[in-house]
Amino acid sequence: MKITDMRMETYLWPRTKPIRNGMYVYPNAGLNVVRIDTDEGISGMGLAGGIEEAPEVGKVISEHLRQYVVGQDPFDTEKIWDEMWQPKLVGRRGITTRVISGIDIALWDIKGKASNRPVYKLLGGYAEKVPVYVAGGYYEEGKGLEELASEMEHSVSMGARAIKMKVGGVPINEDVERVRVVREAVGPDVKVMMDANCAYRVYEAIELARKVEKYDLFWFEEPINPDDYKGHQLITQATSVP
């Protein structure tokens, strides 16, 4: 089996209201779909997430990477990844990495279809179920504490046993109040996580974490820049929130 074509299709549409997290505003929603075709009529699809605000950049990167994909055996996922992962051009984060991830997902989709097996079986998985969480709690114009609580209650009513909310977009004490409202809305048996999208400095992250310890947070995601290893150590040592 050989790969005959690869392309990225971008779908973008405006949100009714922009949403934001601790760092960024998202006026649009979208999908970036990597499609890979083979000479045996099997096609794979993968999602290259997180590039909705720069789809033209994603398409250019996809076209550049096409030379490392077309003509290859789709089962050679490690080889293809290695050839795309050029140290001087590709880092461990950013749009290029996200496009490569979409390509890799599409290749595994082909492998699953060709083998007539779900991909988790090809990877050696055995569990029929995995724990999931619902991500939400974004900041939005006109969205107060009551609306935030209703959103989280709705997620739980659909069966969610874990939810994640955004922090870092308002003063710390306001976020403490938001966390309190969410915990009260979902009850003590639902896991609650918070995600700052790297919005804080170390001392700010410590202040927030200490103030919400009593609300039994399951984790505190991306409090600061991911490369600040010492900062993460200081936060970990200063609070009981994971």
- Item | Within the stretch 193-204, tally of residues that are out of contact with any Lys or Arg (no Cβ under 8 Å at 6 or more places or on another chain) and either surrounded by fewer than 18 Cβ atoms within 10 Å (Cβ to Cβ) or in a loop (DSSP other than H, G, I, E, B) (or both) | 6
- Among the residues of the stretch 223-242 satisfying the criterion of being in a loop (DSSP other than H, G, I, E, B) and among the hydroxyl-bearing types (S, T, Y), which is farthest from G169 (Cα to Cα)? S240
- Residue check: is M152 in a strand (DSSP E or B) and either of a type outside the set (S, T, N, Q) or not assigned by TED's automatic domain parsing to the domain that holds R15 (or both)? no
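Could you please give the count of residues in the stretch 165-175 that are under 13 Å from L148 (Cβ atoms) and surrounded by 18 or more Cβ atoms within 10 Å (Cβ to Cβ)?
The qualifying residues number 5.
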- Query: Quick one: in the stretch 100-153, which of the residues that are at pLDDT 95 or above and aromatic (F, W, Y) is surrounded by the fewest Cβ atoms within 10 Å (Cβ to Cβ)?
  - Reply: Y133
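Let's see how each residue does on (1) surrounded by 13 or more Cβ atoms within 10 Å (Cβ to Cβ); (2) in contact with a His (Cβ under 7 Å, 6 or more places away or on another chain); (3) in contact (Cβ under 8 Å) with a residue 40 or more places away in the chain:
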| position | (1), (2), (3) |
| --- | --- |
| K191 | yes, no, yes |
| I206 | yes, no, no |
| K214 | no, no, no |
| F220 | yes, no, no |
| D227 | no, no, no |
| Q233 | no, no, no |
| T236 | yes, no, no |
- Note on the structure: Counted residues in the stretch 187-222 being among the hydrophobic types (A, V, I, L, M, F, W, C), under 16 Å from E174 (Cβ atoms) and in contact with a helix residue (DSSP H, G or I) (Cβ under 8 Å, 6 or more places away or on another chain) come to 6
- Query: Regarding G168, is this residue in contact with a helix residue (DSSP H, G or I) (Cβ under 9 Å, 6 or more places away or on another chain), touching a residue at least 40 places away in the same chain (Cβ under 8 Å) and not assigned by TED's automatic domain parsing to the domain that holds L31?
  - Reply: yes
- Within the stretch 108-135, can you find the residues that are over 30 Å from I19 (Cβ atoms) and in contact with a strand residue (DSSP E or B) (Cβ under 6 Å, 6 or more places away or on another chain)? I110
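The values are calculated or read from the model by the stated rules, or taken from the named source; none is laboratory data. Keep in mind it's a predicted model, so treat the numbers as computed, not measured. Note: ideal-geometry Cβ built from the backbone for every residue, glycine included; neighbour counts use all protein chains shown.
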